[in-house]
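The block underneath contains the structure these notes are about, expressed in structure tokens.
The values are calculated or read from the model by the stated rules, or taken from the named source; none is laboratory data. Not measured: the values here are computed from a predicted model. A quick note on method: Cβ atoms are made from the backbone with ideal geometry, for glycine too, and the neighbour counts reach across all protein chains shown.
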Amino acid sequence: MAVEQIYDYVIIGGGTAGAALAARLSENSEARVALLEAGAGEGPAIMSDGNPEAAVGLWGSSVDWNYTTTPQSGTENTVHTWPRGRVLGGSSSINGLTHLRGHASSYDAWEKQGAAGWNYREMLPFLMRSERAAGRDPRFRGQAGPMTIEEPPAATPLAQDLHDAAVDAGFPRCEDGNAPQAEGVFWSERNVAGGRRQSAADAYLLPVLSRPNLTVVTDAQVQRLLMDNGRCRGAEYVRNGKPGTVHAEREVVLSAGAIGSPQILMLSGIGPADHLRQLGIPVRADLPGVGANLHDHPLAWISYGVKKSPVPGPSRQAMLLARTSRDRDPDILMSFTSVALEPRWAGAQEGFSILFGLANPTSRGSVRLRSADPTSYPLIDPAYLTESEDLARMVTALRMARHIARADALSAWRDDEILPGKEAVTDEECGAYIRRTVGTYFHPVGTCRIGADDGAVVDTALRVHGIDGLSIADASVMPSIVAANTNAAVLGIAERAAHLVAARAER
Ligand SMILES: Cc1cc2nc3c(=O)[nH]c(=O)nc-3n(C[C@H](O)[C@H](O)[C@H](O)COP(=O)(O)OP(=O)(O)OC[C@H]3O[C@@H](n4cnc5c(N)ncnc54)[C@H](O)[C@@H]3O)c2cc1C
């Protein structure tokens, strides 16, 4: 198909945000929308046969960018593997499908950091717009959005007892983990439709691909933005080894994710001036916040053997949102699985695990270019556990997880503690275990944050500071991470971006 090269909107990156945004902006049949995605048009649904349990097999495959971090001083100099989706649907095509929007305090924290109007109350309509959560309370749950929410109908006996152990340990039962102030133990919801995996591309994009005003170009890796006197006019890309350009008459929206968006900005001369000069990239806008503020939920777990074999098969899975102290917002996110996992997903055996992640870490890292070559992978430094407070809270979380694992509800199952076991008793020993085994929860955010200060990259209407015709909508704009898996929050950001971009055109 010949590609029409001039559009009203060019969206770069067809991941969670880009897929949703392209579908929403092309609802206006007058708006010519192009979506450029570096990866292929299909893959995960075929490779996994749509099986919701099959995500792990997609990691490291041809639909994964396969990033690695720089050696992490906070985790014994480990180089962590970072899967990110390189395919239509982006990371939502290879993710774990958990649908959790996050506690109201996570969004209110954005406004406190200078993102005026980006609070829970203002985000709620956009979070609701994305979801179709049948049977949930319509006051705060969407009923008619593109993203279908399904739960496995029943819990296996072990999954039920893991849930009940958290209740035994004193955590409140919570009906809906996506309620505004949800805290305690709840059953997780999933992005599953008719029993099949559902990426943002499946939910939003595939149903509208036949729109004449929507062009989706896959296998097109954007190299840099076309800049003209402080205005972004389009992008240069490479497809099947051949260069191409695409022009936007109204706006370019970057949705290349928390790694890709700052990378493309810096390749285009928009970022920290010193860093760009060192690489010989002409500076078009000195924005020190580009690529800064990178963070992710650090994740670790404890695991146990079992006295009897659990029933295999799909099951509901319990999660827990808790606080390490009363004066904090909820800051520990746990999930309960019916296998004993080895550290960093190295394998699994019969048993159970309690995974614990720090929901609002204070450590901050960066994304920087390795070179001016657009095909070379950037330097990714999430700075895991570089703030001592983060390690201390992870130790508290480990103790909470152990307290749950030792509850009566699990006495028929619980055998020896496999990880960390007897080697980790004191705080120092628990801390050492965490540093040795912690890894990614797959949730990088923050590298182009919203705000008005010198370190902010986009304003509260998501427009890049100092550049006309360019905005950003993806996980990178979050000032701080939500106390939840990040996909649902990114969908909310994309819904709001669609509203903001369309409103600009009407003026
Ligand atoms: C393994 C894994 C498990 C996860 N599990 C969950 C979960 O269970 N629940 C949950 O809520 N969240 C989960 N997440 C996180 C969630 O999927 C992400 O937060 C979300 O998808 C991010 O959306 P995004 O639009 O910011 O980026 P992405 O979805 O990553 O999209 C970015 C897109 O841009 C494309 N791109 C990048 N650079 C370029 C370029 N130069 N040119 C063209 N295209 C480009 C990429 O190929 C990609 O398609 C998981 C993520 C991973 C990787």
- Task: Return only the number of the condition from (1) under 30 Å from residue 220 (Cα atoms); (2) not in a loop (DSSP other than H, G, I, E, B) that residue 404 does not satisfy.
- Result: (1)
- Task: Scan region 464-507 residue by residue and report those that are within 12 Å of the ligand (Cβ to nearest atom) and within 17 Å of residue 10 (Cβ to Cβ).
- Result: 472, 473, 474, 494, 497
- Please list, ordered by first then second residue, the pairs with beta carbon atoms under 7 Å, 6 or more apart or interchain, first in region 262-276 and away from the ligand (no atom under 12 Å from the Cβ), second of a type in the set (Lys, Arg) and at pLDDT 95 or above. 269/284; 270/284; 275/368
- Query: Looking at residue 25, is it hydrophobic (A, V, I, L, M, F, W, C), within 11 Å of the ligand (Cβ to nearest atom) and touching a helix residue (DSSP H, G or I) at 6+ places or on another chain (Cβ under 7 Å)?
  - Reply: no
- Quick check: anything in region 2-22 more than 11 Å from the ligand (Cβ to nearest atom), within 18 Å of the chain's Cα centre (by Cα) and either assigned to a loop (DSSP other than H, G, I, E, B) or surrounded by fewer than 19 Cβ atoms within 10 Å (Cβ to Cβ) (or both)? no
- Task: Go through region 201-221 and give me each residue that's more than 11 Å from the ligand (Cβ to nearest atom), small (Gly, Ala, Ser) and in contact with a Gly (Cβ under 9 Å, 6 or more places away or on another chain).
- Result: 203
- Item | Scope region 165-186; condition surrounded by fewer than 20 Cβ atoms within 10 Å (Cβ to Cβ) and in a strand (DSSP E or B); matching residues | 173, 184
- Item | Residue check, residue 155 crowded, with 17+ Cβ neighbours inside 10 Å and in contact with a Gly (Cβ under 9 Å, 6 or more places away or on another chain) | no
- Going by the conditions given, is residue 95 assigned by TED's automatic domain parsing to the domain that holds residue 19 and within 12 Å of the ligand (Cβ to nearest atom)? yes
- Could you list, in sequence order, the residues of region 407-442 that are of a type outside the set (S, T, N, Q), touching a helix residue (DSSP H, G or I) at 6+ places or on another chain (Cβ under 8 Å) and assigned to a helix (DSSP H, G or I)? 408, 409, 410, 423, 427, 429, 430, 431, 433, 434, 435, 436
- Cross-chain or 6+ apart pairs with Cβ under 8 Å, region 470-494 first and within 21 Å of residue 357 (Cα to Cα), then within 6 Å of the ligand (Cβ to nearest atom) and of a type in the set (Asp, Glu): 490/474
- Task: Mind checking which strands (runs of 3 or more DSSP E) fall wholly inside region 236-312 and carry at least 2 residues that are of a type in the set (Asp, Glu)?
- Result: 242-254
- Task: Go over the candidates 31, 38, 54 one by one and state the one that is touching a residue at least 12 places away in the same chain (Cβ under 8 Å) and surrounded by fewer than 17 Cβ atoms within 10 Å (Cβ to Cβ).
- Result: 54
- Message: Suppose the filter is modelled with pLDDT under 95 and either more than 24 Å from residue 131 (Cα to Cα) or part of a loop (DSSP other than H, G, I, E, B) (or both); does residue 50 pass it?
- Response: yes
- In the set 71, 83, which member is near the ligand (Cβ under 8 Å from one of its atoms) and either under 19 Å from residue 254 (Cα atoms) or modelled with pLDDT of 95 or more (or both)? 83
- Message: I'm checking my understanding of the structure. Among residues of region 168-200 that are on the phi > 0 side of the Ramachandran plot and at pLDDT 95 or above, which one is farthest from the ligand (Cβ to nearest atom)?
- Response: 170
- Do the conditions hold for residue 461, that is, is it within 16 Å of the ligand (Cβ to nearest atom) and touching a strand residue (DSSP E or B) at 6+ places or on another chain (Cβ under 9 Å)? no
- Verdict on residue 89 being small (Gly, Ala, Ser), closer than 30 Å to residue 181 by Cα, near the ligand (Cβ under 9 Å from one of its atoms) and buried (at least 19 other Cβ atoms within 10 Å of the Cβ): yes
- For region 135-154, which residues satisfy the criterion of being at pLDDT 95 or above and either out of contact with any Leu (no Cβ under 8 Å at 6 or more places or on another chain) or assigned to a helix (DSSP H, G or I) (or both)? 136, 137, 138, 139, 141, 143, 144, 145, 146, 148, 149
